[in-house]
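K.L.:
Structure provided below as structure tokens; questions to follow.
Each reported figure results from applying straightforward, stated rules to the coordinates on display, with no laboratory input. No experiment lies behind these values; they were computed from the predicted model shown. Ideal geometry is used to build each Cβ from the backbone, glycine not excepted, and the neighbour counts take in all protein chains shown.
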Amino acid sequence: MWNKLKQIKALQAYKNSENFGDFAILKSDLFGAKVNPTVEAKLQQVVGYHPLINLEELSKYPQGSFGREYAEHMRKNNLKPFNISPELEDVARRNVFALRYVVTHDIFHLLLGFDTSYAGEIGVLAFAAAQNYSKSLKISLLLAKFLYPIIAPKQRQAIFANLKKGLELGKKAHFLLGYRFEEHWKEQIHEIRDRLGLPQIQNSQNYQIFIKI
């Protein structure tokens, strides 16, 4: 009980942190999402790995590079990267699953071609569930499958289409959660997709076209 109280106090203290990842990782740590043991073993290579992401710097990279595309995605959607404060290093190392899931969430959106709507969110969630990261994600997917069409009825068709697509991609792709994306910003994004077993994507305003290769 005392540990939970300390976690709640820490969560409140970092609620308005300049590093958006602080609140997210403390929230995940509080609710104790359990990672699949097999997945935990695969994540050893990224324990405590959370280099600072500087969008201004990434925006200077060449057109078509992974870093430039990520920076443009974040700016277009008015998002900020989930950076983690050095003070939370112990939490980050203790909960590597929460760390990498938080930090890579927006990267997944970009690489998978899902936008930030309810339909896009369920696509990413379906992908993570299909990759068998955690039982809690599978439960979250079941809830989202029921709730999202109610919350956003106009997106109903897109929600179920992305649900199916996310599951398909998750089963075919390589294990993404343990990949050190931050070491590959300068590479072309199509090279990253190829390496990870993801289809190439052509964006066309309100929908995505997946190109089989």
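K.L.:
For a test of the definition: using alpha carbon positions, the gyration tensor, and the 1.5 limit on a/c, classify region 92-150 as rounded, prolate or oblate.
P.N.:
It is oblate, given that a/c is not under 1.5 and a/b is not larger than b/c.
K.L.:
May I pose another question? Quick one: what are the phi-derived ³J(HN,Hα) couplings along region 63-75, Karplus 6.51/-1.76/1.60 with θ = phi - 60°, whole Hz, x for glycine and proline?
P.N.:
Coupling constants for region 63-75: 4, x, 6, 4, x, 5, 5, 5, 4, 5, 4, 5, 5 Hz.
K.L.:
Then there is this: Which net charge results when you count Lys and Arg as +1 and Asp and Glu as -1 among the other residues whose beta-carbon is under 14 Å from that of residue 62? Show your work: numbers first, answer last.
P.N.:
Details: positive: 60, 68, 186; negative: 57, 69, 72, 187, 191.
Spelling it out: positives minus negatives among the neighbours equals -2.
K.L.:
A further question follows. For residue 202 and residue 76, compute 0.36 nm times the residue count separating them, minus their Cα-Cα distance, and round to one decimal in nm. Intermediate results must be reported in sequence, preceding the final value.
P.N.:
On the way: separation 126, 0.36 × 126 = 45.36 nm, distance 1.65 nm.
Residue separation times 0.36 nm, minus the Cα-Cα distance, leaves 43.7 nm.
K.L.:
How much FRET efficiency would the formula 1/(1 + (r/R0)^6) give for residue 161 and residue 116, where r is the Cβ-Cβ distance and R0 is 22 Å, rounded to 0.05?
P.N.:
Values: r = 16 Å, r/R0 = 0.74.
So, using R0 = 22 Å, E works out to roughly 0.85.
K.L.:
Once both labels are modelled 7 Å past Cα along the beta-carbon direction, what's the residue 154-residue 41 spacing in nm?
P.N.:
4.8 nm
K.L.:
In nm, to one decimal, how far is the modelled label at residue 143 from the one at residue 60, with both set 7 Å along Cα→Cβ?
P.N.:
4.3 nm
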